[in-house]
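Visitor: Here it is: the structure, laid out below.
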Amino acid sequence: MEGSVVRMGPCGGGGGHDRDMDMRGVNRVVKVVVRHGDTVDAISVLYERNGREEWTDLWGGQGGTLAEPDEHFTSVVGHYGEFDGSFAVRSLTFVGNRRSFGPYGQEDGVPFALPAAGGKILGFHARSGRRLDALGTYVKMAADKVPSRRRMADKSAPTTPRS
């Protein structure tokens, strides 16, 4: 029995515009391109949908590759904090089942983690404008690991107010 897909996050600042992937038919993340300096400026995601590869738009104002079909991301960790008058993602590290990519950007500010909790990350959603303001994940949960809404609410972290 397959598990369900759960939306986690986003973590980071409250600015920017909502960005999202259509998760229908998505099998896995193939590659994430990260533009960074003092903050994470932008990301773009290459994913596999029904056997075909597709790119998201560039979210925000280069990075890790998962080379093998059996590789997948198990968590994304990073930092967010104030930069140039607003809150933004300051750093990202993509943790895989075989290796990690990053950190990209500067590890300053409030740390955050978006773990897959025994599942795998299938996709992302975000808020972005001039830079990547916040990042969240879509996680394919293992059938025996699907969290209840109550357990998720009990563990939810405080959010940063929209700027």
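Visitor: Please find, among 126, 113, the residue that is within 18 Å of residue 7 (Cα to Cα), in contact with a strand residue (DSSP E or B) (Cβ under 7 Å, 6 or more places away or on another chain), at pLDDT 90 or above and surrounded by fewer than 16 Cβ atoms within 10 Å (Cβ to Cβ).
Guide: 113
Visitor: Which condition number does residue 84 fail, the rest of (1) under 16 Å from residue 138 (Cβ atoms); (2) exposed (fewer than 14 other Cβ atoms within 10 Å of the Cβ) being met?
Guide: Here residue 84 clears every test but (1).
Visitor: With respect to residue 76, is the statement that it is surrounded by 18 or more Cβ atoms within 10 Å (Cβ to Cβ) and either modelled with pLDDT under 90 or in contact with a Gly (Cβ under 7 Å, 6 or more places away or on another chain) (or both) true?
Guide: For residue 76, the condition - surrounded by 18 or more Cβ atoms within 10 Å (Cβ to Cβ) and either modelled with pLDDT under 90 or in contact with a Gly (Cβ under 7 Å, 6 or more places away or on another chain) (or both) - is not met.
The values are calculated or read from the model by the stated rules, or taken from the named source; none is laboratory data. Everything numeric in this text was worked out from a predicted model, so none of it was measured. Cβ coordinates were reconstructed from backbone atoms using ideal geometry, including for glycine residues, and neighbour counts include every protein chain displayed.
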